[in-house]
Amino acid sequence: MRFLQRAAAAVMLLVSAAAIQVVQGGPAQAALPTAAVALGDSFVSGEGAGDYQPVVDASGTAQAFPGWSAANSNAYFCHRSANASVFTASLPGIQQRFNLACSGAQPADIANPASARPEGRAVASQLDQLRALAQTHDIDVVLVGLGSNNTQFTFGDVATLCANRFIADAWTGWWEFWAYLNGEVPQRPCTASDLATDTEVAAATTETTAALRQILDTLAQIDADGTHQVILQTYTNPLPPDIAPQYHEEDGRTDTRDKFRALGAERYAAGCPIHRASLAPGQVFSQNLGSLVKNAYATLAAERPAADLRVLDVQRAFDGARLCENPDSPAGALATPVRVQDGPSGTFITSLSGWDKIGIQRAANTCVTYFQTCQESWHPNAAGHTVLGQCLTGAFAAAPRAIVTCARNPDGTLTIS
């Protein structure tokens, strides 16, 4: 009898334990695989690094290369590279990596489909893509690159402005009106205010901060274990403070003299068709982008003292290996040279020697009509992303809420501090 009583009691305990499991949601599920994710614009998507992967568009269709004459709004032209830094970094404990960034992305694209704005690509909002990923993965690392493209200015427009002015100055006399329909041919070097005024940078900071806040809010809702680090990356200038002496003049002509076509062709071949006087304003622009990211970080870190936010400052990551910093440019540079095509042919023009102004205008118009033919220009190349991946490795291993600086030394090694 006592045996039967003890057996009955044991059964009741098992039934009670099972009931508790049901109330609490059943047996524990297997842990989700950990993931690192890249969000933002071209400097983290891998623009310029080649080996671009198919991109799923807003309708759920994976878009492979659609041809050079396709609409630039095609999702493929987000240019998500298999060589992007999120894939090259050493991230112990991270099982899978995902690239949700898109070349040309703006802060609005974080919460809204990029197609909702002019010149956006046909992809879902980056947060919607992140939410879908969180269904199957535990997101532990988020690399964010935002700030270079805004309502106020975009990196592509800034780069095009300064390069076009140099080319116009090199090939065009004051009496020739081939570059603009209104008869004006701007040929002067860029100034800091041409690129972004202080007011524009302030507005862009506010816009970027708001988008970053949306990312943090979403992660708080969807992350499986609530533990993740968010790394805010700054930008690195593809051009040096000054170019190597051999690019200062050609055939006795500098870029302060009229009609310096040989010098223009030389600098284009080297990847840096730009006035020397535009380089200092370009450095100011790059520094402003760095300040933009750091100011956004300061605001959000104060708002969210428990959040594991980090800054990865890569402004000096390409020191000594920028375009035209050395005599053999673009060989050995960590950024892509400016390159255009003569029509959407897939063949890049590497030399403008012997070209006349009409031919150059035709090639320039190709870039305008088919932006994908030139959008890789002045972005980190595959070697550059290897360096950025090493920088990311350092930020990942740093203490929470650190500001990590990654600088290239003269011997090519990196100092990460």
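The values are calculated or read from the model by the stated rules, or taken from the named source; none is laboratory data. Model, not experiment: these values are computed from the prediction. Using ideal geometry, Cβ is built from the backbone for each residue, glycine included, and neighbour counts are taken over all protein chains shown.
Working carefully through the options GLY50, GLY46, find the one that is buried (at least 16 other Cβ atoms within 10 Å of the Cβ), of a type outside the set (A, V, I, L, M) and closer than 27 Å to ASP140 by Cα.
On the way: GLY50 fails: buried (at least 16 other Cβ atoms within 10 Å of the Cβ).
After applying the criteria, what remains is GLY46.
Kindly list, by first and then second residue, each pair from a residue in segment 232-251 that is assigned to a loop (DSSP other than H, G, I, E, B) to a residue that is loosely packed, with under 14 Cβ neighbours inside 10 Å and not hydrophobic (A, V, I, L, M, F, W, C), limited to pairs with Cβ atoms under 8 Å and residues at least 6 apart or on different chains. These pairs meet every condition: ALA244/PRO327; HIS248/THR254. Residues in segment 68-116 that are closer than 14 Å to PRO54 by Cβ and either among the small types (Gly, Ala, Ser) or free of Cβ contacts under 8 Å to residues at least 12 places away in the same chain (or both): ALA70, ALA75, SER81, ALA82.
Scanning segment 75-93 for residues being surrounded by fewer than 19 Cβ atoms within 10 Å (Cβ to Cβ) and either of a type in the set (Phe, Trp, Tyr) or out of contact with any helix residue (DSSP H, G or I) (no Cβ under 7 Å at 6 or more places or on another chain) (or both) gives a total of 3. Out of contact with any Leu (no Cβ under 8 Å at 6 or more places or on another chain), buried (at least 24 other Cβ atoms within 10 Å of the Cβ) and either of a type outside the set (Gly, Ala, Ser) or at pLDDT 95 or above (or both): which single residue out of ARG257, ARG267 fits that description? ARG267 is the lone residue from the list that is out of contact with any Leu (no Cβ under 8 Å at 6 or more places or on another chain), buried (at least 24 other Cβ atoms within 10 Å of the Cβ) and either of a type outside the set (Gly, Ala, Ser) or at pLDDT 95 or above (or both). Taking the criterion of being in contact with a Lys or Arg (Cβ under 6 Å, 6 or more places away or on another chain) and either of a type outside the set (Phe, Trp, Tyr) or modelled with pLDDT under 95 (or both), would at least one residue in segment 19-30 satisfy it? No, because not a single residue in segment 19-30 is in contact with a Lys or Arg (Cβ under 6 Å, 6 or more places away or on another chain) and either of a type outside the set (Phe, Trp, Tyr) or modelled with pLDDT under 95 (or both).
Being buried (at least 18 other Cβ atoms within 10 Å of the Cβ) and of a type in the set (Phe, Trp, Tyr) narrows it down to one of PHE348, PHE318, so name that one. Before you say what the answer is, go through the steps one by one.
Details: PHE348 fails: buried (at least 18 other Cβ atoms within 10 Å of the Cβ).
Answer to the selection: PHE318.
Quick grid of which residues meet (1) of a type outside the set (Phe, Trp, Tyr); (2) at pLDDT below 95; (3) closer than 26 Å to VAL141 by Cβ:
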residue: PRO66; (1), (2), (3): yes, no, no
residue: TYR76; (1), (2), (3): no, no, yes
residue: THR88; (1), (2), (3): yes, no, yes
residue: PRO92; (1), (2), (3): yes, no, yes
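ALA132 meets each of the listed conditions (1) in contact with a strand residue (DSSP E or B) (Cβ under 9 Å, 6 or more places away or on another chain); (2) part of a helix (DSSP H, G or I) apart from (1). In segment 212-227 there is at least one residue that is at pLDDT 95 or above, over 30 Å from ALA30 (Cα atoms) and not β-branched (Val, Ile, Thr).
Every condition in (1) surrounded by fewer than 22 Cβ atoms within 10 Å (Cβ to Cβ); (2) at pLDDT below 95 is met by ASP198 except one, and the failing one is (2).
Could you tell me whether segment 299-309 includes any residue that is at pLDDT 95 or above, outside any strand (DSSP E or B), crowded, with 24+ Cβ neighbours inside 10 Å and not polar (S, T, N, Q)? No. Here is the figure for segment 101-136: residues that are more than 15 Å from LEU212 (Cα to Cα), within 16 Å of the chain's Cα centre (by Cα) and not basic (Lys, Arg) total 5.
Would you mind stating whether PRO400 is in contact with a strand residue (DSSP E or B) (Cβ under 6 Å, 6 or more places away or on another chain), surrounded by fewer than 17 Cβ atoms within 10 Å (Cβ to Cβ) and assigned to a loop (DSSP other than H, G, I, E, B)?
It is true that PRO400 is in contact with a strand residue (DSSP E or B) (Cβ under 6 Å, 6 or more places away or on another chain), surrounded by fewer than 17 Cβ atoms within 10 Å (Cβ to Cβ) and assigned to a loop (DSSP other than H, G, I, E, B).
So that you can scan it fast, the table gives a plain yes or no per residue for (1) crowded, with 19+ Cβ neighbours inside 10 Å; (2) touching a Gly at 6+ places or on another chain (Cβ under 6 Å); (3) free of Cβ contacts under 8 Å to residues at least 60 places away in the same chain; (4) not in a loop (DSSP other than H, G, I, E, B):
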position	(1), (2), (3), (4)
GLY359	no, no, yes, yes
GLU376	yes, yes, no, no
GLY384	yes, no, no, yes
CYS391	yes, no, no, yes
VAL404	yes, yes, no, yes
THR415	no, no, yes, yes
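Could you check, for segment 98-111, whether at least one of its residues is polar (S, T, N, Q), closer than 22 Å to CYS391 by Cβ, touching a His at 6+ places or on another chain (Cβ under 8 Å) and surrounded by fewer than 19 Cβ atoms within 10 Å (Cβ to Cβ)? Among the residues of segment 98-111, not one is polar (S, T, N, Q), closer than 22 Å to CYS391 by Cβ, touching a His at 6+ places or on another chain (Cβ under 8 Å) and surrounded by fewer than 19 Cβ atoms within 10 Å (Cβ to Cβ), which makes the answer no.
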